[in-house]
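In what follows, a single structure is set out as structure tokens and then discussed.
The values are calculated or read from the model by the stated rules, or taken from the named source; none is laboratory data. Small disclaimer: the values here were computed from a predicted structure and weren't measured. Heads up, the Cβs are rebuilt from the backbone with ideal geometry, glycines too, and the neighbour counts pull from every protein chain shown. Please note that ligands, DNA and RNA were not included when accessible areas were found on the heavy atoms of the full protein model with its side chains. Shrake-Rupley method; radii C 1.70, N 1.55, O 1.52, S 1.80 Å.
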Amino acid sequence: MSQLPERYRAAIAPLIDKARELLEQGEELAPMAFVGNFTTGATIPTALVMRSPADKDAAARTVKMLAEQLDADFVFVLMEAYSLRADKVARYEEILDEYGSLADCPASWRIDVVSLSLETRHGVWVAQVPVKPKGISKKKRTIGVPEFRHYTEVEGRFTDLLPVKDAEGGAGGTLH
């Protein structure tokens with residue numbers, strides 16, 4: 001497993017800290033994408049509407065266009081999501097077939113997580129951090145420190161969002 005390069009870690013750490021702060025204040029996390037360019041130092045946030053597959057497709061197109069306009073070096077997507085408990089993961093496909101989504105499966109089978117995805121020119125780093133109650137509050141929640149895993153081959157509507165730079169043949173280059 002490859003370590004998340006420090007340059008990217010430094011760029012996204014304040015965004016993760018802000019997400020944690022919002023949860024600890026009792027807020028919900030709106031699905032967000034942050035599109036960044038290291039040369040200009042710009043990181044542009046954009047809210048993601050995720051109500052339907054068509055909304056998700058439109059959101060992905062919007063992020064891709066923004067990444068192109070910004071000549072982006074990374075896209076960081078952050079949102080609350082559901083994940084399956086460890087003892088139910090092997091039944092993932094069966095659960096989706098039966099219930100259609102994790103949101104519709106029995107609540108005792110799933111856990112709340114913050115899903116983090118960082119697309120770079122060197123692959124994608126992904127983390128899911130369980131959301132835990134903060135103290136005795138029923139509204140305030142928190143997350144621990146994300147442990148990112150590196151993937152060189154991923155698929156989905158929120159991948160391949162970065163523009164191809166002149167000297168590149170596409171995403172998935174080496175880290176040097």
Exercise for review: Enumerate the calculated ³J(HN,Hα) couplings along the range 51-59 in order (Karplus 6.51 cos²θ - 1.76 cosθ + 1.60, θ = phi - 60°), each rounded to whole Hz, writing x wherever the residue is Gly or Pro.
Suggested key: 6, 9, x, 5, 4, 5, 4, 5, 4
Check your understanding: Once the chain is represented by equal point scatterers at the alpha-carbon sites, with solvent omitted, what log10 I(q)/I(0) does the Debye formula produce at q = 0.08, 0.11, 0.14, 0.18 Å⁻¹?
Key -> -0.27, -0.51, -0.82, -1.30
Check your understanding: Which whole-number value in Å² is the accessible area per residue of the range 2-126, probe 1.4 Å?
Key -> 52 Å²
Review point. At a Förster radius of 25 Å, what calculated FRET efficiency corresponds to the Cβ-Cβ distance of ARG61 and GLU6, to the nearest 0.05?
Key: 0.20
Practice item. Please calculate the 1.4 Å probe accessible area of ASP17, with all protein chains present, and give it to the nearest 10 Å². Key: 80 Å²
Review point. Taking +1 at the Cβ of each Lys and Arg and -1 at the Cβ of each Asp and Glu, which of SER137, GLN69, ALA107 sits farthest along the dipole of the chain towards its positive end, judged by Cα position relative to the Cα centre?
Key: SER137
Check your understanding: Using 7 Å Cα-to-Cβ label points, what is the THR152/SER108 separation (nm, one decimal)?
Key -> 4.4 nm
Review point. Given +1 on the Cβ of Lys and Arg, -1 on the Cβ of Asp and Glu, and no further charges, what dipole in debye does the range 25-123 carry about its Cα centre, rounded to the nearest 20?
Key: 140 debye
Revision key, fill the gap. Simple SL model, points at 7 angstrom along Cα→Cβ for LYS165 and GLN69; separation in nm is 2.2 nm
Point to revise | C-alpha center-to-center spacing [the range 38-100, the range 136-161] in angstrom | key: 10 Å
**Study point:** Sequence-separation-based contact order of the range 52-116, relative, with Cα cut under 8 Å and 6+ spacing, percent
**Key:** 40 percent
Revision key, fill the gap. Over 28 Å (Cα to Cα) among LYS18/LYS132; LYS18/LYS165; LYS88/LYS138; LYS18/LYS139 -> LYS18/LYS165
Check your understanding: How much length is gained if the chain between ASP97 and ARG51 is pulled fully straight, taking 0.36 nm per residue apart and subtracting their Cα-Cα distance, in nm to one decimal?
Key -> 14.6 nm
Revision key, fill the gap. For the chain, the dipole about the Cα centre with charges only on Cβ (Lys and Arg +1, Asp and Glu -1), to the nearest 20 debye, works out at 700 debye
**Study point:** With every protein chain in place, the range 27-68: carbon and sulfur % of accessible area (1.4 Å)
**Key:** 57 percent
